[in-house]
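A short write-up of the structure that comes next.
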Amino acid sequence: MSDPATPGEGREVLGPDDVSRALTRIAHEILEHNKGADGLVVLGIPTRGLPLAHRLAGRLASVEPGFDPRTQLGSLDITMHRDDLNRAPVRPIGVTRLPASGIDDRTVVLVDDVLFSGRTIRAALDALSDLGRPRAVRLAVLVDRGHRELPIRADHVGKNLPTASTERVRVMLEETDGRDAVLISGGEG
Amino acid sequence: MKHLLSAADLDRDAAVRILDTAAELAATQGREIKKLPTLRGRTVVNLFFEDSTRTRISFETAAKRLSADVINFAAKGSSVSKGESLKDTALTLQAMGADAVVIRHQASGAPHLLANSGWVQAAVVNAGDGTHQHPTQALLDAYTLRRHLVGPQPAGQDLAGLRVAVVGDVLHSRVARSNVDLLHTLGARVTLVAPPTLLPVGVEAWPCDVSYHLDEVLEQGPDAVMMLRVQRERMSSAGGGFFPGPLEYSRRYGLDARRLAVLPSHAIVMHPGPMNRGLEISAEAADSPQAVIVEQVANGVAVRMAVLYLLLAGGRREDVA
């Protein structure tokens, strides 16, 4: 999970071109694995999973004209299913918007920026099961930084980033932060 | 936000935050599985010293939809009165480990006493005290107004520029007081309409306009008309005398088909319920397409879920209003 970052802090490990290439590759992987765009639903997890899901949907549509972002793209807020609600001040609730046809018997691809402890995805899976019964759930992340606390893995990863648990990984996106970058800061300091 | 005692305690940002949270929670209430796990393990006590069906059921539904445990404590018929016995009740609730106490009391100020006495650690939500405040009703009214009258993207917005007429028994109405406070905070212009006998002393100091003539106010084309219930149970002493009779009241201050036709087509008709059909509102008005009275009930659940979420979901002892 990334925090709102002050620009120019930390070491840049991915630049705008790297982010773009990673998303293009993930889009192809998703289509290859799904054998086309049939029955796909792409759900972004707010905050930064959302713009990533939108970009991914754009690429899916350009590769596979059968993919329609209007009916196959949505967002999934997980705030109400978190396991750490009473460890922090109250969090604002994000937006959940599902395609009108729902997620029953679809292949849902969850999209998030950073995979870390796995707890966000655990909450997302719980939230999904309240919304319907997908045929399969897959996970696409821009960065996998390791240090899992739950038995969860990603199916599509933009970049595997070995980190120390004390380091901080920040994903910045054009839509939310003004530019595309992945930064690492902190560590032994 | 540690407690919710009065609509006047909310500033604009806090109120908009509650409305935005309610909007997202309302979306979850259209699903097949309406229950969310968010407040699992928390206990909400409904402490009702006064008759109420819809508010109690609304709070109970809201708490259950968030997976909190609900204990209903109806004090009706017992010899409970303010002071010692409220204290004893509070200490009992504290011993049972209540995380939130939703209190309705016939005495104005009882929730304030409960919240500030140190008897309970729980968050206190005022569900109506005497003729003082009923903040969640004002919030659900503001939510309903915003949903119908503010743009296609109401998130983050207040009620700036809306004109709302609040009509009827203002004297006995905590709904009117809470709405004047909250709607004013949110930028709406409120006009109270009532016979002089049903207006409280000092009303000219409230942040609103006052009129004795419903027809004049309706001709100015308000965006919403909120009809208040004539609270006859509070008028019994000394033969009432607030108005000559029901017929005269409904002729001068009731919303009927003729007055409904005067309203602009976008205007909505609201009522906090329960309605006295034929007294302050006619059946034509209550059942017209402009009436949003049933929707207010549904919005009440979402708004109360938002309040419970914001009070209980964060870390304890965290003051983040």
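The residue of segment A:63-78 that is surrounded by the most Cβ atoms within 10 Å (Cβ to Cβ), among those that are assigned to a loop (DSSP other than H, G, I, E, B) and touching a strand residue (DSSP E or B) at 6+ places or on another chain (Cβ under 8 Å), is A:L76. A:V90 - would you say it is within 11 Å of chain B (Cβ to nearest Cβ) and either β-branched (V, I, T) or assigned to a strand (DSSP E or B) (or both)? Criteria met by A:V90.
Among the residues of segment B:286-303, are any within 14 Å of chain A (Cβ to nearest Cβ) and touching a helix residue (DSSP H, G or I) at 6+ places or on another chain (Cβ under 8 Å)? Yes - at least one qualifying residue is present in segment B:286-303. If the condition is being within 19 Å of A:S129 (Cα to Cα) and more than 14 Å from chain B (Cβ to nearest Cβ), then segment A:59-87 contributes A:Q72, A:L73. Among (1) more than 11 Å from A:L115 (Cβ to Cβ); (2) surrounded by 19 or more Cβ atoms within 10 Å (Cβ to Cβ), there is one condition A:G187 misses while meeting the rest; what is its number? Against the list (1) more than 11 Å from A:L115 (Cβ to Cβ); (2) surrounded by 19 or more Cβ atoms within 10 Å (Cβ to Cβ), A:G187 comes up short only on (2).
Residues are listed down the side, and each one gets a yes or a no for (1) among the hydrophobic types (A, V, I, L, M, F, W, C); (2) farther than 26 Å from B:R258 by Cα:
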position: B:G151; (1), (2): no, yes
position: B:A176; (1), (2): yes, no
position: B:P195; (1), (2): no, no
position: B:V201; (1), (2): yes, yes
position: B:S211; (1), (2): no, no
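Can we say B:V16 is closer than 25 Å to A:D126 by Cβ and at pLDDT 95 or above? Answer is no for this residue. Kindly indicate whether A:S101 is under 17 Å from A:D155 (Cα atoms), more than 14 Å from chain B (Cβ to nearest Cβ) and in a loop (DSSP other than H, G, I, E, B). No: the conditions fail for A:S101.
Matching residues to (1) part of a strand (DSSP E or B); (2) surrounded by fewer than 16 Cβ atoms within 10 Å (Cβ to Cβ); (3) within 14 Å of chain B (Cβ to nearest Cβ):
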position	(1), (2), (3)
A:D130	no, no, yes
A:R133	no, yes, yes
A:V137	yes, no, no
A:V157	yes, no, no
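Exactly one residue out of A:V95, A:V90 is more than 18 Å from the chain's Cα centre (by Cα) and either crowded, with 19+ Cβ neighbours inside 10 Å or modelled with pLDDT under 95 (or both): that is A:V90.
Quick one: in segment B:255-281, which of the residues that are of a type in the set (G, A, S) and within 20 Å of B:D141 (Cβ to Cβ) is surrounded by the most Cβ atoms within 10 Å (Cβ to Cβ)? So, considering only residues that are of a type in the set (G, A, S) and within 20 Å of B:D141 (Cβ to Cβ), the one surrounded by the most Cβ atoms within 10 Å (Cβ to Cβ) is B:A267. Are any of the residues in segment B:305-313 outside any helix (DSSP H, G or I) and away from chain A (no Cβ under 14 Å)? No, the conditions are met nowhere in segment B:305-313. Within segment B:92-110, being more than 30 Å from B:R234 (Cα to Cα) and among the small types (G, A, S) holds for B:A95, B:G97, B:A98. Residues of segment B:186-216 that are buried (at least 23 other Cβ atoms within 10 Å of the Cβ) and of a type in the set (V, I, T): B:V190, B:V193. Only residues that are within 12 Å of chain A (Cβ to nearest Cβ) and either crowded, with 21+ Cβ neighbours inside 10 Å or closer than 30 Å to B:L86 by Cα (or both) were counted in segment B:24-48, giving 9. Among the residues of segment A:112-123, the ones that are within 13 Å of chain B (Cβ to nearest Cβ) and hydrophobic (A, V, I, L, M, F, W, C) come to 1 in all. In segment B:208-232, the residues that are part of a loop (DSSP other than H, G, I, E, B) reach residues that are surrounded by fewer than 22 Cβ atoms within 10 Å (Cβ to Cβ) and among the charged types (D, E, K, R) with C-beta atoms within less than 8 angstrom, at least six apart or across chains, in these pairs: B:C208/B:R189; B:Q220/B:R163; B:G221/B:R163; B:P222/B:R163; B:D223/B:R163.
The values are calculated or read from the model by the stated rules, or taken from the named source; none is laboratory data. Keep in mind it's a predicted model, so treat the numbers as computed, not measured. Positions of Cβ are backbone-derived with ideal geometry, glycine not excepted, and every protein chain shown enters the neighbour counts.
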